1. Between Ser53 and Lys86, what is the spin-label point distance in nm, taking each point 7 Å from the Cα along the Cα→C-beta axis?
2. Spelling out what I want: for every residue of the range 85-92, take phi, set θ = phi - 60°, compute 6.51 cos²θ - 1.76 cosθ + 1.60 (Karplus), and round to whole Hz; glycine and proline get x.
3. What accessible area, in Å² to the nearest ten, does a 1.4 Å probe give for Val62?
4. Could you size up the charge dipole of the chain around its Cα centre, putting +1 on the beta carbon of Lys and Arg and -1 on that of Asp and Glu, and report it in debye to the nearest 20?
5. Suppose we take every Cα in the chain and form the convex hull; what volume per residue is that in Å³?
6. Can you tell me which of Gly15, Gly42, Gly54 moves the most in a GNM of the chain? Springs connect C-alpha atoms under 10 Å apart.
7. When the Karplus curve 6.51 cos²θ - 1.76 cosθ + 1.60 is applied with θ = phi - 60°, which whole-Hz ³J(HN,Hα) does each residue of the range 107-114 get, with x for Gly and Pro?
8. Of the options Gly35, Val111, Leu11, report the single residue whose Cα projects farthest towards the positive end of the charge dipole of the chain (beta-carbon charges: Lys, Arg +1; Asp, Glu -1).
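The values are calculated or read from the model by the stated rules, or taken from the named source; none is laboratory data. Remember, predicted model here, so these are calculated numbers, not experimental data. When we count neighbours, we look across all protein chains shown, and the Cβ atoms used for this are built from the backbone with ideal geometry, even at glycine. Accessible surface is based on the protein model in full, side chains and every heavy atom, while ligands, DNA and RNA are left aside. Shrake-Rupley method; radii C 1.70, N 1.55, O 1.52, S 1.80 Å.
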Amino acid sequence: QVQLVESGGGLVQPGGSLRLSCAASGSIFRIYTMGWYRQAPGKQRELVPRFVSGGRTNYADVVKGRFTISRDNVKNTVYLQMNRLKPEDTAVYYCNADISGSRYWGQGTQVTVSS
């Protein structure tokens, strides 16, 4: 069994920064993809950034230049550094991973950008 545990969400003012973490634990043979999605109220879940095969990354256009994904392969952890946050970044952020051919989701962490 695999678990993804997120941390780091919260309330921040526009223009501020937050850092999210997602740690994978359990029976991990190989991680194919790992990254972040978000879902705002009344909207579909969307990709933020993620690592794909070969260490490449996919970023949503709306976060390019503001968000940075990084990882610690020893700890099976990915991080999301979010800078210059905007109110429209408000959402529940979910960690997602394809581990050994199965897809897993974290429980989600709320990010609220408001003055």
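1. Going by the 7 Å Cα→Cβ label model, 3.4 nm.
2. Going residue by residue, I get 5, 10, x, 6, 7, 4, 4, 8 Hz, with x marking Gly and Pro.
3. Taking all protein chains as shown, Val62 has close to 90 Å².
4. 180
5. Details: hull volume 10.7 nm³, N = 115.
Dividing the Cα hull volume of the chain by its residues yields 93 Å³.
6. Gly42
7. Computed from phi, the couplings for the range 107-114 are 7, x, 9, 7, 10, 10, 10, 7 Hz.
8. Result: Gly35.
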